[in-house]
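Working notes, structure below.
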Amino acid sequence: MGARHVTTPKGPGVKAKQFLVIGAGRFGSALATTLYEFGHEVVVVDRSEERVERIMDRVTHAVILDATDEEALAKLGLNTFDRVVVAIGNNLEASILSIVAAKNRGASYVISKATSEIAARVMLKVGADQVVRPEHDMGVRVAKTLATPSIVDAFPLGENYEVIEFQAQRNLCGKLRDLKLANRFGVEVIAVNRNGKLELRPGPDFVVSPGDNVVLIGETRALKRLRDHFARVSAA
């Protein structure tokens, strides 16, 4: 395949990682080019010459290759990648074969895209370390922000934890010690964004003002209690 070039990662203290993305469709292309823009080494493979040509100038290296061919995949040196992402799309059989081939040939961590819960279960059974469902996951995130207008964003952090960002209203402002979010809901404030200025790990005397974006971390069920409270307050 030839030498691979490592770009400089953006941001202080960020170490460049190596990613292999299998599949250059919409999801795979967006993932690969974004990782590359952030300074990581990204190799993309796809069976389609047209897709490879379209992305080759926006990643480290792009190869025309059938990832279900275990021998061909092995030539990429799978054990050198930090993550292998199977982003083939709607072809479940090709995804499964690519996962198996990657794991058989030394991939340490394989992430696969699934379009359904059943497909996700199958992928985990055949060796995927992590499965994502982009449309489903985005739908859940959008629903949470729509259900609770104060919520700016929310995303999972593993199976049982979550991070949310909400915009403080007048009835949810004041000193953190008085709001008692940890005692009332079991969540922790990790940052407050005020007009673009970020306050990390604010102390108990920090005063939350209307319009502040407050970032919280906690168990999913604890944050659900908080969201339910916000919904009731907003409706009152």
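The values are calculated or read from the model by the stated rules, or taken from the named source; none is laboratory data. These numbers were taken from a predicted model, which means no experiment stands behind them. For neighbour counting, all protein chains shown are included, and Cβ atoms are generated from backbone atoms with ideal geometry for every residue, glycine included. Just so you know, the surface numbers come from the protein's heavy atoms only, side chains and all, with ligands and any DNA or RNA stripped out. Shrake-Rupley method; radii C 1.70, N 1.55, O 1.52, S 1.80 Å.
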Query raised in the report: Within the range 162-203, can you find the residues that are among the basic types (Lys, Arg) and in a helix (DSSP H, G or I)?
Result: Arg170, Arg177, Arg184
Query raised in the report: Among the residues of the range 122-161 satisfying the criterion of being within 30 Å of Glu93 (Cβ to Cβ), open to solvent by less than 70 Å² (accessible area, probe 1.4 Å) and touching a helix residue (DSSP H, G or I) at 6+ places or on another chain (Cβ under 8 Å), which is modelled with the lowest pLDDT?
Result: Pro134
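A quick yes/no check of all residues on (1) aliphatic (A, V, I, L, M); (2) closer than 16 Å to Lys17 by Cβ:
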residue	(1), (2)
Thr33	no, yes
His40	no, yes
Val44	yes, yes
Val59	yes, yes
Asp66	no, no
Glu71	no, no
Leu76	yes, yes
Query raised in the report: What are the residues in the range 108-117 that are in contact with a helix residue (DSSP H, G or I) (Cβ under 9 Å, 6 or more places away or on another chain) and free of Cβ contacts under 8 Å to residues at least 40 places away in the same chain, if any?
Result: Ser108, Val110, Ser112, Ala114, Thr115, Ser116, Glu117
Query raised in the report: Quick one: is Asn171 in contact (Cβ under 8 Å) with a residue 60 or more places away in the chain, in contact with an Asp or Glu (Cβ under 6 Å, 6 or more places away or on another chain) and not small (Gly, Ala, Ser)?
Result: no
Query raised in the report: In this structure, is Ile88 surrounded by 22 or more Cβ atoms within 10 Å (Cβ to Cβ), in contact (Cβ under 8 Å) with a residue 12 or more places away in the chain and of a type outside the set (Phe, Trp, Tyr)?
Result: yes
Query raised in the report: Are any of the residues in the range 104-121 surrounded by 19 or more Cβ atoms within 10 Å (Cβ to Cβ), farther than 16 Å from Leu35 by Cβ and over 21 Å from the mean Cα position of the chain (by Cα)?
Result: no
Report summary line: Within the range 186-213, residues at pLDDT 90 or above, closer than 19 Å to Asp228 by Cα and surrounded by 16 or more Cβ atoms within 10 Å (Cβ to Cβ) come out as Val187, Val189
Query raised in the report: Taking the range 1-42 as the search range and keeping residues that are open to solvent by less than 40 Å² (accessible area, probe 1.4 Å) and more than 29 Å from Val100 (Cβ to Cβ), which one is modelled with the lowest pLDDT?
Result: Thr7
